[in-house]
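What follows draws every value from the coordinates through simple rules; no lab data is involved. Just so you know, these numbers come straight off a predicted model, no measurement behind them. A quick note on method: Cβ atoms are made from the backbone with ideal geometry, for glycine too, and the neighbour counts reach across all protein chains shown.
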Protein chains: 2
Amino acid sequence: MSLAALQQEYLPLIETGMRDFLDAQSFGSSTLLKEMLAYHLGWMDGSRGKRIRPLITLLCTGALGAPAKNALPAAISIEFLHNFTLIHDDIEDQSPTRHGRPTVWQKWGQAQAINAGDALFSIAQLAMLDLARTCSKDTAAEAANLLNQTCLHLMRGQYLDMAFESAGEIELETYLEMIEGKTAALLACSAAVAGLIADRKRAINNLSDFGNNLGMAFQIKDDILGIWGNPDLTGKSTASDLHSKKKTLPILYGLKHSTDFRTLWAEDDLSSAQIESMAEILSAGGAKEYAGTLAETYTIRSRQTLTELAHDPAARNDHADALLELSEMLLDREV
Amino acid sequence: MSLAALQQEYLPLIETGMRDFLDAQSFGSSTLLKEMLAYHLGWMDGSRGKRIRPLITLLCTGALGAPAKNALPAAISIEFLHNFTLIHDDIEDQSPTRHGRPTVWQKWGQAQAINAGDALFSIAQLAMLDLARTCSKDTAAEAANLLNQTCLHLMRGQYLDMAFESAGEIELETYLEMIEGKTAALLACSAAVAGLIADRKRAINNLSDFGNNLGMAFQIKDDILGIWGNPDLTGKSTASDLHSKKKTLPILYGLKHSTDFRTLWAEDDLSSAQIESMAEILSAGGAKEYAGTLAETYTIRSRQTLTELAHDPAARNDHADALLELSEMLLDREV
């Protein structure tokens, strides 16, 4: 089956699995708490995320020759977990909107939004432990351990991201450590957990590397598009990350290597012409090439691990092919 | 051994166990994140909680005839979890101090405090799953499941507590549902998890009832002291909960049954004489008796379950006696 056919089979399973799992939890008199979660998950008005992470979990499990359905508790756990982090991130960043509508804290206040995030975190844990039903209690305990090591990694990344806002010089290695936590760690977990579910422990490192490299390449690609993306395609302003003074990889490279860039960066209220000149300084000074080369390196590594997976004698090649197609879609995008 | 002797043995185990577990986690460049947790846990200046919950876990495990040390991962998990909820509660309630010093959000800001709480939540999960080392992966998965059911119960309670602030009439049953979540659920879990660890599943309901009834009695006793406690002993003002307009059990009873009380409650800037008259209306109208009787009922139930535990042929009576002594200490207090 193609990626499109597998998505058509798996995405409804993920969505129904999540809804059923939330419905199975007891909320007592706290019905509004449940409603806050259903709203955030996009079940009130259909505005929701792309469910990339749970799809990776199901595809990796299938690629290892195990029934993808066995991985459903892990897949929905990871999507719940991802959404819990979004609820809290939106408070931490004071973001008023997500998917074009008010964030949870904007609708119900910060205090209730913190608590709703905590509730979703607990539900993500319960979903992962539900692997006891489709696999075994051993697998459930191991997968929950992996999930929480990943959570701690995420929170270290989030800590660094927030600390960067007021930090002076940021080393490029520390930036890579940050995005590894914020973006790559959960993708690594989405893939690696399949090794536990399919009882193929020797595949775990390989799967984890695939998800990690995919995440790193994805984020650096995002950083490049944040400066040199085509505004007609991204829907954002030209060089939007320079406008918002977001400390992304090319910008940190420029701050480290170019005095001209540092001088302009220190100024307030930059004109559009100045922003354009900053983007040119970055290109000319090698920041675009540096970031591009790094993204390419991570992309190649991520493809290599997939090729190894497809060579596995037990592998289901349509699932491995779909993973390759999915990762190319994520990396070759212009938006 | 007496409660004092057992405390002397177990409290250092709990404290060292928590410190070692935190030290074993990887923090990378996020050393300040670890420092925030160490500060909250009272390891920078010795100002910390009484570690009642982990003590209950160790005593219950011992009372069932199993080695208390096997329960250490669960005990420290529950104390980590309790502290995670305190970090988030302090943000939600905007409390500036705890244990007489600035709260985490006061020191490091709300955004970093939300994230630090999330990190501690993950660490609590990892600690519970560490039962795989002292017991088995099966036990770890079951205990983690119990922990997260409890978490969801806590967050339902917290949701109701915050919703009460702006609610009109609150039914007494809904109030009891709230304190069962906020206070009793984690005490029930602290006791019940011992049944999993000691592999005595038939004791779980009994242990859970003990913790639940202890928690309910404790909270209602707290509500009574919040109005009729001796200010010389509590260190708070007379009828402090009436001053701060906290919707506790006796106050909800008064709002339901007394027009005079409702009239005074609706007024702003009450004088000390009016506050005293409100406390008298509550006493005369039966609110104190109602709350006292309810606290007594829960206390008796909690004692009964302990007595049943002590009659268990495998029970270690010094541990069961220490549990009785600990619960009397918690319930017979005047502060």
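Okay, here's what the table says:
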{"item": "Inter-copy label distances at B:Ile300 (7 Å, Cα→Cβ; nm, one decimal)", "result": "7.9"}
{"item": "HN-Hα J in Hz across the stretch A:136-147 - Karplus 6.51, -1.76, 1.60, θ = phi - 60°, x for Gly and Pro", "result": "7, 5, 4, 4, 4, 5, 5, 5, 5, 5, 4, 4"}
{"item": "Net charge over other residues, Cβ less than 13 angstrom from the Cβ of B:Ala322 (K, R count +1; D, E count -1)", "result": "-4"}
{"item": "Sites A:Lys201 and A:Ser272, calculated FRET efficiency, Cβ-Cβ separation with R0 60 Å, nearest 0.05", "result": "0.65"}
{"item": "Over 19 Å between alpha carbons, listed pairs A:Lys137/B:Lys201; A:Lys137/A:Lys201; A:Lys201/B:Lys69", "result": "A:Lys201/B:Lys69"}
{"item": "Longest site-free stretch - chain B; sites: GluC sites (Glu not before Pro), DSSP loop, at most 16 other Cβ within 10 Å", "result": "B:1-168"}
{"item": "FRET efficiency estimate (nearest 0.05) - Cβ-Cβ, B:Leu233 to B:Glu325, R0 22 angstrom", "result": "0.60"}
{"item": "Extension reserve of the B:Thr293-B:Asp45 stretch, reckoned as 0.36 nm per residue once the Cα distance is removed", "result": "85.2 nm"}
{"item": "Estimated [θ] at 222 nm from DSSP helical runs (n ≥ 4, -39500 (n - 2.57)) normalised by residues in chain B, nearest 500", "result": "-23500 deg cm²/dmol"}
{"item": "Contact order relative to length of the stretch B:1-157, as percent, for alpha carbon pairs under 8 angstrom and 6 or more apart", "result": "21"}
{"item": "Equivalent ellipsoid dimensions for the stretch B:161-250 as semi-axes, Å, which come from the Cα gyration tensor, largest first", "result": "31, 17, 9"}
{"item": "For the stretch B:62-203, alpha-carbon Rg over 2.2 N^0.38 Å", "result": "1.16"}
{"item": "Signed unit charges on C-beta, dipole axis of chain A, positive-most listed residue A:His257, A:Ser283, A:Ser30", "result": "A:Ser30"}
{"item": "Relative contact order for the stretch B:3-331, counting Cα pairs under 8 Å that sit 6 or more residues apart, in percent", "result": "19"}
{"item": "All Cα pairs of the protein assembly as shown, percent lying beyond 45 Å", "result": "26"}
{"item": "Cα→Cβ-extended label distance, 7 Å offset, between A:Ala5 and B:Ser283, nm", "result": "8.1"}
{"item": "Euclidean distance between Cα centres, the stretch A:109-134 to the stretch A:158-210, Å", "result": "21"}
{"item": "Within-14-Å neighbourhood charge of A:Leu242 [Cβ basis; K, R +1; D, E -1]", "result": "-2"}
{"item": "Peptide-level mean, for A:23-33, of C-beta atoms on other protein chains within 10 Å", "result": "5"}
{"item": "Normalised per residue, the volume of the convex hull around the Cα set of chain A (Å³)", "result": "132"}
{"item": "Average silhouette area of the stretch B:234-276, convex hull of alpha-carbon atoms, in square nanometres", "result": "3.1"}
{"item": "For the stretch B:98-193: relative contact order, % (alpha-carbon pairs under 8 angstrom, 6 or more apart)", "result": "22"}
{"item": "In order through the stretch B:26-43: 3J(HN,Hα) via Karplus (6.51 cos²θ - 1.76 cosθ + 1.60), integer Hz, x for Gly, Pro", "result": "8, 10, x, 7, 8, 5, 5, 4, 5, 5, 4, 5, 4, 4, 4, 6, x, 9"}
{"item": "Out-of-range pairs (alpha-carbon distance over 20 Å; input A:Lys256/B:Lys34; B:Lys221/B:Lys247; A:Lys221/A:Lys245; B:Lys221/B:Lys246; A:Lys107/A:Lys246)", "result": "A:Lys256/B:Lys34; A:Lys107/A:Lys246"}
{"item": "Longest exposed-site-free window of chain B, the sites being trypsin sites (Lys or Arg not before Pro) in a DSSP loop that have at most 13 other C-beta atoms within 10 Å", "result": "B:51-244"}
{"item": "Ascending list, in nanometres, of distances separating the A:Asp232 label from those of the other copies (7 Å, Cα toward Cβ)", "result": "8.5"}
{"item": "Label distances, nm, B:Asp318 versus same residue in remaining copies, Cβ-directed 7 Å point", "result": "6.6"}
{"item": "B from A by rotation - nearest chain A beta carbon to the axis, in Å", "result": "A:Ala141, 2"}
{"item": "Between the stretch A:1-36 and the stretch B:1-42, the alpha-carbon center distance in angstrom", "result": "38"}
